[in-house]
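The values are calculated or read from the model by the stated rules, or taken from the named source; none is laboratory data. Everything numeric here is computed off the predicted structure, so don't read it as measured data. For neighbour counting, all protein chains shown are included, and Cβ atoms are generated from backbone atoms with ideal geometry for every residue, glycine included.
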Amino acid sequence: MSEPTPEHRAERASSFGTRAAEYAEHRPGYPREAIVWGLSGATGTPRRVLDLGAGTGKLTLGLTALGLDVTAVEPDPEMRAELERAAPSATSLAGRAERIPLPDGGLDAVFIGQAFHWFDVPEAMTEIARVLRPGGVCVPVWNYEDESVPWVAEFTELGRDGARRPASIENMREVTHPAFEPFEMERFRHAQRRTAESLLETIATYSVVIVSAPEESAALLDRLRQYLSANPATATGEFDLPLVTTALRARRR
């Protein structure tokens with residue numbers, strides 16, 4: 001697949017609200033170990049945390065479960081409504097990474113779940129630096145299928161035109177900003193209990209599927225459904241979908 005144009009990227013980045021309820025139901029959460037690893041990059045004891053580009057609150061839930069004071073910023077009203085239902089203890093605000101509606105230096109950590117690649121990264125990093133205290137930490141994280149498992153690799157390759165990764169995490173790791181130390185990276189394996197249909201519902205929340213022509217999306221999902229029906233690991237009932245969470249962290253200078 002060729003690189004999307006800026007217009008197509010913008011369309012994809014703003015597409016998720018049309019599938020907000022399905023996103024909330026079917027997208028995986030993030031393992032506690034990944035969140036704790038991200039927080040451990042900060043100096044002192046982190047308490048005030050931002051979930052930036054928070055979507056339906058998948059990462060917000062993991063942060064609030066640790067007893068943190070969490071603010072969640074999300075531009076899409078449909079996604080934000082799901083977030084507010086899922087994580088009522090978090091403070092929910094409308095806003096974007098490039099213009100965070102918070103004062104200077106008030107945060108110990110900024111987490112970004114599955115959204116960093118959609119940002120205007122240099123502008124967003126400047127804003128993240130503004131709202132973080134010195135010694136605070138920026139923690140982008142991503143969930144992806146664990147392609148070290150053979151059937152998972154076959155499945156994702158089959159759907160490569162509709163389920164491919166929107167950006168290389170290794171490229172994101174190379175992002176630099178004068179206000180931050182270099183990014184570190186760690187990976188955490190976990191799993192999500194799935195059925196063939198719930199996995200297909202997850203694929204249907206991917207931005208490139210949402211914005212594709214209906215016949216193209218239907219053909220992709222039918223192709224993947226046939227694979228899951230024929231694959232012994234996924235053909236009957238529930239199964240564990242192996243996942244890898246990749247986390248980056250960079251400390252504010």
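Among residues of region 67-84 being acidic (D, E) and outside any helix (DSSP H, G or I), the one that is farthest from R48 (Cα to Cα) is D76.
Might you let me know whether region 142-156 holds any residue that is of a type outside the set (A, V, I, L, M, F, W, C) and within 30 Å of T126 (Cα to Cα)? Yes: region 142-156 contains one or more residues that are of a type outside the set (A, V, I, L, M, F, W, C) and within 30 Å of T126 (Cα to Cα). Report whether or not A153 is surrounded by fewer than 19 Cβ atoms within 10 Å (Cβ to Cβ), touching an Asp or Glu at 6+ places or on another chain (Cβ under 6 Å), part of a strand (DSSP E or B) and hydrophobic (A, V, I, L, M, F, W, C). No, not satisfied.
Residues that are surrounded by fewer than 22 Cβ atoms within 10 Å (Cβ to Cβ) and either more than 13 Å from the chain's Cα centre (by Cα) or modelled with pLDDT under 95 (or both) within region 29-40 comprise R32, E33, V36, W37, L39, S40, listed in sequence order.
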